[in-house]
Amino acid sequence: MASLKRTREDADLDAMDLDDMEDFDLDDIILDDDAIAKIVDDAPEIEALNAVAMKRMLVVFERAYTKNQQLRVKYPGSPEKFVESEVELDEEIKKLQIIATAPELYGDLLKLKAHESILSLLTHENTDIAVDALDLLRELTDADEDTKTASEEHYVLLVDALVEFQVLELLTQNLKRFNEKNADEKKGILNVLSMIENMVELKDDLADLLVSKTDILN
């Protein structure tokens, strides 16, 4: 009987005029405690990012980067041979943005020298890759007031390491490399400017260093 009742209910729903749905209000739905508890229990668990999970992500990223570089060297005149690896690399770069939610792991990121690989992407032949790498660096250096107060030392540690590996020069090069008339490359220009702002807010002496070490004002 229960299955027959359900069949009839389904048939009624199928026959419902879509115009009647205009009067439908989600606020009219009432969930009892058992229904709410079931929704909570069925929700997928979100694993908090820790050093082990981050290292796993970075290993996959490094593999994708190495594979792309190898294919580019092997088939320099045949983009179709390495385009798939480029898409994979781009996807892995975007996945790394979650690290920005855990600045306390920046020390581990630096020990693994992941920042060196990320910075090297700023000179990648494919500007889409460079733009996404800049977007990642922008996220990693973007400290809001609450986060900055609690984790400023981690951000400063990262910025110091980036400066050591010539991030200021690389940012300036990309600022001149990108074409603002191209929508994607314009995003890269905005990322460069945002990242400079992020770093100067963390270390105001970088403003003078930027002027003295680069030709950004030329």
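The values are calculated or read from the model by the stated rules, or taken from the named source; none is laboratory data. The structure displayed is predicted, hence computed values, not measured ones. FYI the Cβ positions are ideal-geometry reconstructions off the backbone, even for glycines, and counts take in every protein chain you see. Just so you know, the surface numbers come from the protein's heavy atoms only, side chains and all, with ligands and any DNA or RNA stripped out. Shrake-Rupley method; radii C 1.70, N 1.55, O 1.52, S 1.80 Å.
For region 202-218, which residues satisfy the criterion of being under 21 Å from Ala133 (Cβ atoms) and in a helix (DSSP H, G or I)?
Within region 202-218, Leu202, Leu206, Leu210, Lys213 qualify.
Take the residues in region 47-67 that are charged (D, E, K, R) and open to solvent by 70 Å² or more (accessible area, probe 1.4 Å), then tell me which one is farthest from Thr101 (Cα to Cα).
Lys67
Could you list, in sequence order, all residues of region 114-125 that are in a helix (DSSP H, G or I) and either more than 24 Å from Asp205 (Cβ to Cβ) or of a type outside the set (D, E, K, R) (or both)? Working first, answer last.
First pass over region 114-125, keeping only residues in a helix (DSSP H, G or I): 114-123.
Matches in region 114-125: Ala114, His115, Ser117, Ile118, Leu119, Ser120, Leu121, Leu122, Thr123.
Scanning region 126-162 for residues that are in contact (Cβ under 8 Å) with a residue 40 or more places away in the chain and not in a helix (DSSP H, G or I), which turns out least open to solvent (accessible area, probe 1.4 Å)?
Thr141
Scan region 63-81 for residues that are touching a helix residue (DSSP H, G or I) at 6+ places or on another chain (Cβ under 8 Å), in a helix (DSSP H, G or I) and not basic (Lys, Arg) and jot them down.
Our first condition is that a residue be touching a helix residue (DSSP H, G or I) at 6+ places or on another chain (Cβ under 8 Å); within region 63-81, this holds for 64-65, 67-68, 71-72, 74-75, 81.
Pick out the ones that are also in a helix (DSSP H, G or I) and you get 64-65, 67-68, 71-72, 74, 81.
Ala64, Tyr65, Asn68, Leu71 - these are the residues of region 63-81 that are touching a helix residue (DSSP H, G or I) at 6+ places or on another chain (Cβ under 8 Å), in a helix (DSSP H, G or I) and not basic (Lys, Arg).
Quick one: Ala183 ticks every box in (1) among the hydrophobic types (A, V, I, L, M, F, W, C); (2) touching a residue at least 40 places away in the same chain (Cβ under 8 Å); (3) open to solvent by 40 Å² or more (accessible area, probe 1.4 Å) bar one, so which box is it?
Failed condition: (2).
Only residues in region 78-107 that are surrounded by fewer than 13 Cβ atoms within 10 Å (Cβ to Cβ) count as the first member; pair them with residues that are not in a helix (DSSP H, G or I), Cβ under 7 angstrom, at least 6 apart or cross-chain, and list the lot.
Partner pairs satisfying both residue conditions: Thr101/Leu49.
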